[in-house]
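One structure is given below, encoded as structure tokens.
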Amino acid sequence: MKVKHKFDWFIIAYAGLTALIFVASVPLIWYQLSLPEQHLFKNILTRNAVYFLGGGFIILVGFGLIIEQMFRGYIFPIRKLSEEVELIYSANPSHRVGLDGSLDFLRLVEHINAGTDQFEALQNNVSKQIDTAMAELAKEKNILAAMMAELPEAILICNKEGQIILYNTQAKRFFNEQVVRHNGDFTVLADGSRSPDYEEKRFLGIGRSIFELVDQNVIQHALDEMHVHLDRNEENVISSFVLTAKGNRLLRGRTVPVLTSSREFSGFIIIFSDITQGLRSEARAEFLLHSFQNRIRHSATSIKSAISIMQEYPEMSTERRIRLTDIIKNESTALGQLIQRDAEVALEQPKKEWPLVPVLAADLIDALRRKAADILDVTLSVENSEDGGWVSVDTYSMLLILLFMLERVVRNIGAKQFFCSFSRTDLFVHFDISWKGESVKLAQLREWESLELHIGKEGLPLYFKEVLDYHSAEVWPQHDPEMDDLSGLRLYLPVFKSPTSDTSRQAAVLPDSRPEFYNFDLFNQPGQTPDLDDCLLADLTFTVFDTETTGLDPGGGDRIISIGAVRIVKLQMLNEERFDHLINPERDIPAETTKIHGINIDMVRSKPGIESALPMFSQFVADTILVAHNAAFDMRMLQTCEEQTGIKFSNPVLDTLLLSAVIHPAHEQHNLKEISKRLGVDVVGRHTAIGDATTTAMLLLKMIPLLGNMGIYTLKEAREASQKTYYARLKF
């Protein structure tokens, strides 16, 4: 309740109590008097009633005025003074107390402002010293940021829960606003369903999950592989894989763990390279090789035939001998030119781009055994095998090849028990998978070559034959003549010599620097929890947003014409991660509202409608706390779009208007302009969605420490405190 309202109730209670005492005292006095005294008292009251009532009223008003002056001179200012002083020391040192009150109170205000001047001067001096001390560190940070931005590879650093804490410019080019296509029965439409075949955008950002951008199965495979290397204390801890990004780019990913000083796993680094063009060049080189072989075969045959004829018929005519000699000469010349041309082309081809890494054959089979049990629910028994040595593979795609073959055998033949062994020759390592039952026909195997690699929820957008070719591998059916009921498949992989130390990569060390768009503190985050209520406000991720509309009547047909939003992660506003979209409302924009936000119908006529914009905004705010100023209005506007778009926002919500009323209950004004003035925040882009969202975000960062001073630390405490304010009753 506001202080003024409390005072009004106090006056009413005071007047009522006084009247009650007066009325109650009359009977008591009356019955104490004798009969003559009662007649005398009655006559006196009757003749002087006006004077008694007037005098009583004057006394009552006099006491009320005295009490009001006491409240206005001492009580009201003290409550506001507490808020003003807390504001100075917690959020805005430049603020000065400017309250009216008694002379004693004004002298107190004068002394407080004088102390505040000294406090601000001291704080400015300390800030200058800190800035000076941080100058060298800032230079190093800027150098790091510049180097990261200019690297040709995309770099993502994640904590152990998969939250992104660093990314560079190339990563934004590869992954930001990546379109993910879904095929299945996941549904979200106006009636509660969504088309089984739809697309949505995923956003790259600090604090977001890497699993929104990259298939979780691929990342988990890389992490499992790294943990195996770490448990063995191996030097080579890198894990590689291949995936597709937006624009159908084929990316090579190399994953390296980040360890603490005690060698505990705290996160990982992924370095992505675009290998699309390299693989295309490689395919062209392979085509040239086949063409080269055909031309050599043709030329060699022509030369051989001409020489054979000349040897068989030595007495042939001179004219015929000259023709055969010309054939030999022309074919020899053409062959030389062909060799020269293809040699030059071959030199221009890049080295093989597919990320093949050396792996022990035994480790590959062991990984296959675990995966087969988890994904296909089949038993794979590894038979006694000789040392298979090393093979050079992309472990994830090669495991998919082997799992794909097992899955096809299970589906077509029904086998559930498999046997595996491997052996080595001078050139190849043989991986043999066998089972009891029908054999796989060569025609079936050739059909598999044209199928994409997908097993359950795991897969790659690559064909079976394509992955085999990149590994220079082949698969053939086989049958054991000694065991008529045993069938199998044999995978041929080229032998790889034992890797040298220069092919290994060591674990990374957690850095201490923290550029603006990095957040290394997230290494210590416990990850997303199902219940956010007990999370500290300082640890949460917020999306602060604002909407501009055609009017102020959500239920009367007004529509959203602009949405702006910024993200805050661990009390750091990420200026690089913004959402700013104009929206076609598909109706007129009144001139009076255009005067406020400056948006007219010509500016939005060619923009997408709310059906396109709101799904993108929904993805942008996923897994965050929504924050707005006067959030009841903005949330009501979003709610009016549910039927049209099928998008429903279930995020927890905080309102800076209510939080301001919690922090400064004695102040009357809690609009964006007045709060910004109190907290020392510059208002930029007023009445634009992105401008108001940015201002609100800066206010939230100022408010969180003030809430902490009041003992409000968690999301639940902030929400419950907001609900107790007067402004929480506002509805739209």
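Classify the range 529-729 as rounded, prolate or oblate, taking a ≥ b ≥ c as the square roots of the eigenvalues of its Cα gyration tensor: rounded when a/c is under 1.5, otherwise prolate if a/b is larger than b/c and oblate if not. Numbers along the way, then the final one.
Values: a/c = 1.80, a/b = 1.48, b/c = 1.21.
It comes out prolate by the Cα gyration axes.
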Check: C-alpha center the range 415-465 vs C-alpha center the range 558-573, spacing in Å is 50
Using only the Cα atoms of the range 654-728, build the gyration tensor, take square roots of its eigenvalues as a ≥ b ≥ c, and label the shape rounded, prolate or oblate: rounded if a/c is under 1.5, else prolate if a/b is larger than b/c, else oblate.
-> prolate
Test item: Cα-centred dipole of the range 357-497, Lys/Arg +1 and Asp/Glu -1 on Cβ, debye | 280
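When the chain is fully extended, how far beyond the present Cα-Cα distance does K724 get from I413, taking 0.36 nm per residue of separation? Working shown, then result.
Working: separation 311, 0.36 × 311 = 111.96 nm, distance 6.75 nm.
Contour length minus Cα-Cα distance gives 105.2 nm.
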Measuring from label point to label point, each 7 Å out along Cα→Cβ, what is the N236 to R578 span in nm?
-> 4.7
Exposure proxy ranking, count of Cβ atoms within 10 Å, fewest first, for M616, M398 | M616, M398
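Counting other beta carbons within 10 Å of each Cβ, put V393, V214, V97 in order, fewest first.
The fewest-first ordering by Cβ neighbours comes to V97, V214, V393.
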So which of K416/K436; K441/K465; K304/K329; K80/K677; K677/K724; K172/K570 end up more than 18 Å apart by C-alpha?
-> K677/K724; K172/K570
Cα-based shape type of the range 357-497, given that a ≥ b ≥ c are square roots of the gyration tensor eigenvalues and the cut on a/c is 1.5 = rounded
Contour excess over end-to-end distance, with Cα ends at L28 and A443 and 0.36 nm allotted per residue | 137.8 nm
Sorted by packing (mean other beta-carbon atoms within 10 Å per residue), highest first, where do 581-590, 429-438 land?
-> 429-438, 581-590
For L35 and F57, FRET efficiency with R0 = 30 Å and r from the beta-carbon atoms, rounded to 0.05?
-> 0.45
According to a simple spin-label model (label point 7 Å from Cα along Cα-to-Cβ), what is the distance in nm between S308 and K465?
-> 3.3
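Gain in length, H479 to K673, computed as 0.36 nm per residue apart minus the alpha-carbon separation, to one decimal in nm? If you can, show how the numbers build up before the last one.
Working: separation 194, 0.36 × 194 = 69.84 nm, distance 8.22 nm.
Fully extending the segment from H479 to K673 adds 61.6 nm.
Nearest 0.05, what FRET efficiency do L571 and K595 give at R0 = 56 Å with Cβ-Cβ as r? The partial results should precede the final answer.
Numbers: r = 36 Å, r/R0 = 0.65.
Plugging the Cβ-Cβ distance into 1/(1 + (r/R0)^6) gives 0.95.
Neighbouring Cβ atoms within 10 Å as the yardstick, rank H670, H95 fewest first.
Numbers: H670 22, H95 19.
Going from least to most buried by this count: H95, H670.
First measure r as the distance between the Cβ atoms of E86 and K457, then evaluate 1/(1 + (r/R0)^6) with R0 = 51 Å and state the FRET efficiency to the nearest 0.05.
Values: r = 53 Å, r/R0 = 1.05.
Plugging the Cβ-Cβ distance into 1/(1 + (r/R0)^6) gives 0.45.
Values quoted throughout were computed directly from the atomic coordinates according to the rules given, and no laboratory measurement underlies them. A quick note: this is a predicted structure, and the numbers were derived from the prediction, not measured. We place every Cβ from the backbone using ideal geometry, glycine too, and count neighbours over all the protein chains shown.
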